[in-house]
1. What angle do you read, to the nearest 10 degrees and between 0 and 90, between the alpha-carbon axis of helix 23-33 and the longest principal axis of the chain?
2. Could you give the length gained by full extension between Glu25 and Gln55, i.e. 0.36 nm per residue of separation minus their alpha carbon distance, to one decimal place?
3. Counting helices only, and only those DSSP H runs with n ≥ 4, report the 222 nm mean residue ellipticity of the chain as the sum of -39,500 (n - 2.57) divided by its residues, in deg cm²/dmol to the nearest 500.
4. Can you tell me the relative contact order of the chain? Whole percent, Cα pairs under 8 Å, sequence separation 6 or more.
5. What are the principal axis extents of the Cα atoms in the chain, in Å, biggest first?
Amino acid sequence: MSDSSQPAILERFPAGGPRGSWPAEEYAAGQQAQGTPARIVMDLQSDSFLVITDQPTRR
């Protein structure tokens, strides 16, 4: 079995950013512009936004 079924975390951003600042959305949009299907999820335990992809990533 492959680990490709698990989403890969591309980047983490703290949830308490400055008002009007959307770094997770900007990062995800940049990834999407480069062809990586990125999406944003909230990690409640760490109080942060995660930009993730279901596409296999290079390590």
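Where a number appears in this text, it was derived from the coordinates with a stated rule and is not lab data. All figures in this text were calculated on a predicted structure; none of them were measured in a lab.
1. 40 degrees
2. 9.0 nm
3. Helix contribution divided over all residues of the chain: -5500 deg cm²/dmol.
4. 46 percent
5. 42, 28, 16
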